[in-house]
Amino acid sequence: MRRLSSALFLLGLGLLIAAIFKGMEFGTVAPIAGQLINSAAAEQVGAANFVTSVVLGYRGFDTLLELTILFTAATAGGLVLGKRAPNAKRDPDAGFILQAGADLLFPLLVVVGVYIILHGHLTPGGGFQGGVILASAFFIPMLARPGTPMSHTAVSTIEGLAGACFIFIGLLAMFDGEAFLTPLMDKGELGALLSAGSLPLLYLAVGLKVGSELAGLLAHLSESEAVD
Amino acid sequence: MNQLALLVALPLITAFLLPVINRVSTFAARWTGPLVLVITSAIGISFWPQLGDSAVAIELGGFRPPLGITLYADKMALLFALATSIGTLLLWPSRGEDKLRQSTLALILAGSGSGLALSGDLFNIYVFYELVAVVSYGLIAARSTAGSFAATVRYLIVSSFGAALALTGIALVYQATGTLNLAQLSQLAPTHLNNLQGLAAFVLMLIGFGVKAELFPVNTWVPEVYATAPTRISGLLAGVVSKLALLIIVRLLVLIFHQPEALTVMLVLGILGVVTGELAAWRARDFNRMIAFSSIGQLGIMFIAFSIPGEAGVFAGLAVALHHLVVKPAMFLLAERWQGSLANLAGAARTSPLGAALFILLALSLIGVPPLPGFWAKLLVMINLVAQENSLYMLGAWVIMGGAALEANYLFRVASSFYHRTDEQTPPAAHRPGDLATASLLGAGLVASAFLIMPLADEIEGVASQAADKNHYVQTVNPEQLP
Amino acid sequence: MLDTGLVLYSAAFGLILIGIAGIVLSAHLVRIIFGVALLEAGANLLLLLATWREGASAPIIVAGRVPEFMADPVPQALVLTAIVIGVGILALALSLALRVQRAYGTLDMHEVRQRMEQEIADQAGIDMPASSHAPAAVQAARQEGSA
């Protein structure tokens, strides 16, 4: 009975979606914000990658909230998973291939991650993407050697300070009398590594925060005791 | 006026730094949170006289909308932002393990709730809404019982489902208009959104944001969560967060979606909410779920009120919302010691006379007995419903009256059992002084507003008329057009 | 061949429908969570497609050359945010699933729901009305308890 009613509900939903689909007009409406940004972003923000200028400049507030959601998810995850019992058994170390592979991959991943973070305003990429790579860089050794756990104090300190840095840079603009999260500093030359004012700094904070946060969350998940 | 962004930024930066502060000094970490909320509330209160008749729009990052995000502060938004800060301060999580994480989450709740009330950009509202959701998942699961985990995961599924629907609605709106700024959407709505796509987008967003507003049919999570979460968090969720979600829907209705079908959908769902909520509350046999179902019913009344077109609907709905904002958290504070079967509450007046008296006061106001504010709020709704001269609105009026009758029955069933003389049964323990003090404060506020009802009503009517003024919103934000 | 726009939009709506089907029809918690992830992926794709134009190039200035027809950068930033939100919620959902599994020994949501209601009723000190929809394990336990 439940299955039948669910199937009917889905059928009705599918028909509704088809009706909406037919009524949609494609390609006729101009993206107002998009066109204005595309024409103004180069001079106003100074980043060659317009998506970065949207993420950190025009919609920097959204990015701040995104960071906060990740932080909240990690905090709530820590609250839910609880503390590990002090004498709980740890998983055995992984085999030779995983250990050697982890040792090889670690420096490579760190370099790639930092590269993507630092070039976020020039090429596709940025703090979130690079941060995830950094998180995997710090997590893979944990998979290879579960016996040597990550230091949660270091992770949470980096996480908190990086997030506070982001807000602090945003608040600095308010001391000048401007609005919250106004981009600061000289815009520099378009396409150079040191350009777009405070945007690379913001992405660096984002990258460090995301990296440490995800690594901590993954470590928490993998450390929680196994069900017998 | 740029300092308004501090209402969001200050709690957030404190939340980020709280683990670091905790390493330096545990004492500082315990008191930093409430201190920051006091400062934030003070900043918010200092803005109130500056608002006057015209609202203020703040362009974040110095970018003109629709390129950037604007915060729009009219009296209604500031009122609810203040309610969030002060509410979180009053209902600060004090029990349970892992107080550090709970304090962090409570700070983020205060900041994100204020932002949700103030935001003027559709996607920004969605992100704030998700932030409030994730914070509530963490706070609900704080008791770490098996039931709380199950309730939290079920709530997470319903809420994520709703949020994805809301995002689909936002995608449809963006596809039809090309902008996300509420003021610009208001300008484009008559030509671009007055069709099936616009109505579908509204219904999707209504259901999506309605999860937190305990809208029928996505309110299945309410009894489970309120029964297993810490009572202070339940009070915050039922009292403050549900109003914030309702506020977003009202803004969408006032600014963008003017189709009569949109109002009809809200009216129908509101009526269903009142009927199911009050009936379930009448049949409930434990205290927490009784007041949980009662809040579903009250929110149904708010949906009915807001579905009345024009400024009258906003005024009526705002009156009921503000009344519930004060009453429900107080009831949940009383529920701390009265959890459990209603039969166990016999003779509670002996151990907690003030608590029993407070409960009677709150119940009278909820039912709508003059001269308490609840009466005036319900009267306003009824008058405006009957004035519509439409059979569906009349049905809404009858349903509200029926609901009030049911409320009187189940609330007084409980209240009279407080004063039973029972010798076989031990009455429940007395309330903690902290809980009782906060509940008394809210009760005192209720009584004070009963005496000051006329000036208060004028003030609320001013807030409502400013909120319902679409043109004022668009002029204040003044979005940039395409050349 | 097929119009590209039609294919993309069908994919987005299809993902949404499959995700909703997964949430509504599944009993196992991890499958429901996968349904949520699919639903979010579909919604993200739909948001990206909102201002999609065929033949637009990436909105990046490479080597000083400004492309003539640039795509809209706003949905890309929005979806970036939405994906990160989805990841956070997914991680939290899996943590909760872990604790549910540890507490109840099962991830069948029908059974978990019944036992949760039973637990709430027991804590409140009231009897739960017997329901014919309860899964076999819970009904057996109930019969044992009343026998």
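How many percent of all Cα-Cα pairs in the range B:269-402 sit more than 27 Å apart?
22
Rank B:Thr14, B:Leu131, B:Leu244 by how far each Cα sits towards the positive end of the charge dipole of chain B (+1 on Lys, Arg Cβ; -1 on Asp, Glu Cβ) and give me just the farthest.
Highest projection toward the positive end goes to B:Thr14.
Give, in whole angstrom and from largest to smallest, the semi-axes √(5λ) of the equivalent ellipsoid of the range A:48-223, with λ running over the eigenvalues of the Cα gyration tensor.
34, 20, 10
Pick out, from A:Ala196, A:Leu70, A:Leu161, the residue whose Cα sits farthest towards the positive end of the charge dipole of chain A, with +1 on the Cβ of Lys and Arg and -1 on the Cβ of Asp and Glu.
Projecting each Cα onto the dipole axis, the largest value belongs to A:Leu70.
Could you tally the net charge around B:Gly52, taking each other residue with its Cβ under 11 Å from the Cβ of B:Gly52, Lys/Arg +1 and Asp/Glu -1?
Combined, the nearby Lys, Arg, Asp and Glu give -1.
If Lys and Arg each add +1 and Asp and Glu each add -1, what is the summed charge of the other residues whose beta carbon sits under 15 Å from the beta carbon of B:Ser294?
With Lys, Arg at +1 and Asp, Glu at -1, the neighbours total +2.
Counting other beta carbons within 10 Å of each Cβ, put B:Met454, A:Met150 in order, fewest first.
Going from sparsest to densest Cβ surroundings: B:Met454, A:Met150.
How would you classify the range B:122-246 from its alpha-carbon gyration tensor, with a ≥ b ≥ c the square roots of the eigenvalues: rounded for a/c under 1.5, else prolate if a/b is greater than b/c, otherwise oblate?
prolate
Amide H neighbours of C:His28 under 5 Å, counting only residues 5+ apart in sequence or on other chains, H built in-plane at 1.01 Å?
C:Met109
Grab the alpha carbons of the range B:187-340, take their convex hull, and tell me the volume per residue in Å³.
Convex hull of Cα atoms, per residue: 90 Å³.
Across bins of 10 angstrom width beginning at 0, how are the C-alpha pair distances of chain B distributed, in whole percent?
Per 10 Å bin, starting at 0, the Cα pair percentages come out as 4, 21, 32, 27, 12, 3, 0, 0, 0.
Kirkwood Rh over alpha-carbon pairs of the range B:17-78, then Stokes-Einstein at 4 °C and 1.567 mPa s: what D in µm² s⁻¹, rounded to an integer?
Answer from the Stokes-Einstein relation: 91 µm²/s.
Whose amide H sits under 5 Å from the amide H of C:Ala56, counting only residues 5 or more places off or on another chain, with H placed in the peptide plane?
none
Under a point-charge model restricted to the Cβ atoms of Lys and Arg (+1) and Asp and Glu (-1), what is the dipole moment magnitude of the protein assembly as shown relative to its Cα centre, in debye to the nearest 20?
With Lys and Arg at +1 and Asp and Glu at -1, about 1600 debye.
Other chains' Cβ within 10 Å of B:199-210 residues: what's the mean?
Mean number of neighbouring Cβ atoms from other chains: 1.
Hey, what angle do you get for helix B:453-467 against the long axis of chain B, alpha-carbon based, 0 to 90 degrees rounded to 10?
The angle comes out at about 30 degrees.
What is chain B's relative contact order, in percent, from Cα pairs under 8 angstrom and six or more apart in sequence?
15
Using unit Cβ charges (K, R positive; D, E negative) and no other charged atoms, how large, in debye to the nearest 20, is the dipole of chain B about its Cα centre?
Charge dipole, chain B, about its Cα centre: 1220 debye, nearest 20.
Based on the alpha-carbon gyration tensor of the range C:1-110 and its eigenvalue square roots a ≥ b ≥ c, which shape applies: rounded if a/c is under 1.5, prolate if not and a/b is larger than b/c, or oblate?
oblate
What span do the alpha-carbon atoms of the range B:313-392 cover on each of the three principal axes, reported in whole Å from largest to smallest?
For the range B:313-392, the Cα spread along each principal axis is 49, 21, 19 Å.
With N residues in the range B:221-282, what two-decimal value do you get for its Cα radius of gyration over 2.2 N^0.38 Å?
Compactness ratio reported: 1.36.
Rank A:Leu81, A:Leu118, A:Phe128 by how far each Cα sits towards the positive end of the charge dipole of the range A:48-223 (+1 on Lys, Arg Cβ; -1 on Asp, Glu Cβ) and give me just the farthest.
Positive-end residue among those listed: A:Leu81.
Helix B:196-210: angle to the longest alpha-carbon principal axis of chain B, degrees 0 to 90, nearest 10?
So the helix axis and the longest Cα principal axis differ by about 30 degrees.
With charges only on Cβ, +1 for K and R and -1 for D and E, what is the dipole size of the range A:48-223 about its Cα centre, in debye, rounded to 20?
Charge dipole of the range A:48-223: 480 debye, to the nearest 20.
Kindly put A:Thr182, B:Thr84, C:Thr4 in sequence by how many other C-beta atoms sit within 10 Å of each C-beta, fewest to most.
Going from least to most buried by this count: C:Thr4, A:Thr182, B:Thr84.
Is any helix in chain A, taking whole DSSP H runs, at least 30 angstrom long along its axis by alpha carbon and on average at least 0.5 on the Kyte-Doolittle scale, and which ones?
A:2-23, A:60-81, A:96-118, A:152-175, A:199-223
Taking neighbour Cβ counts within 10 Å as the exposure measure, how do B:Ser417, B:Ser119 sort from fewest upward?
B:Ser417, B:Ser119
So what's the angle, to the nearest 10 degrees on a 0 to 90 scale, between helix B:242-255 and the longest Cα principal axis of chain B?
Taking Cα atoms only, the helix is inclined about 30 degrees.
Can you tell me the alpha carbon radius of gyration of the range B:138-206 divided by the globular rule-of-thumb value 2.2 N^0.38 Å?
1.56
Given Cα pairs under 8 Å that are at least 6 residues apart, what percent is the relative contact order of the range A:39-146?
Relative contact order, the range A:39-146: 30 percent.
How long are the semi-axes of the equivalent ellipsoid of the protein assembly as shown, defined as square roots of 5 times the Cα gyration tensor eigenvalues? Whole Å, largest first.
Gyration-tensor ellipsoid for the protein assembly as shown: 41, 33, 27 Å.
Any idea how far apart B:Ala387 and B:Ala437 come out in nm if each label point goes 7 Å out from Cα toward Cβ?
4.4
No value in this document is a laboratory result; all are computed from the given coordinates. Computed from a predicted model, the values in this text were never measured in an experiment. Counting neighbours? That spans all protein chains shown, and the Cβs are built from the backbone with ideal geometry, glycine included.
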